[in-house]
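Novice: Got a structure for you, questions after.
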Amino acid sequence: MKERQENQYVKRTQKDYSYAFKLAVVEEVERGQIGIGAAQKKYGIQGDATIRNWIRKYGTVDWDNKSHQIMAKSPEQKLLELEQKVRLLEKQKTELEKKASMADKKAIFFDMMIDIAEEEFKIPIRKKYSPEQSNDLKSNKKKA
């Protein structure tokens, strides 16, 4: 029996698509970020008409009246969109907190390395300006 490859096409059924997934695909297509065919390939959606049907059902264009007026979203759609945004923001917040923590640790680590180097090599690495020296530097820069 042949082993499955990671990038092999996986046949999906209609039951595989959650409501939130359908809304996300429709929103991505309606915003013009991706075309229907590209979305079909990107997400492994089988039928040609599947995404078009989702756009008619869940999209913001009123297809029944053939008008391009934006239809009001149902409370369920609004709630799902807000829940997705909250999840995304929580994920971004967590990532930023990790980055900030790592930056703080790096700053502490570099300060410790400079302290060790100053003690071991007996040379001042950090510049220590007295208030008079810093004023002299500013006046020298202005004259130049």
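The values are calculated or read from the model by the stated rules, or taken from the named source; none is laboratory data. Here the structure is a predicted model, which means the values were calculated and not measured. Virtual Cβ from ideal backbone geometry, glycine too; neighbours counted across all protein chains shown.
Novice: Within segment 44-58, can you find the residues that are of a type in the set (G, A, S) and not in a helix (DSSP H, G or I)?
Specialist: As a first pass, look at segment 44-58 and keep what is of a type in the set (G, A, S): 44, 47, 49.
G44, G47, listed by residue number.
Novice: Return the total of residues in segment 40-85 being modelled with pLDDT of 85 or more, closer than 13 Å to K22 by Cβ and of a type in the set (D, E, K, R).
Specialist: The total comes to 3.
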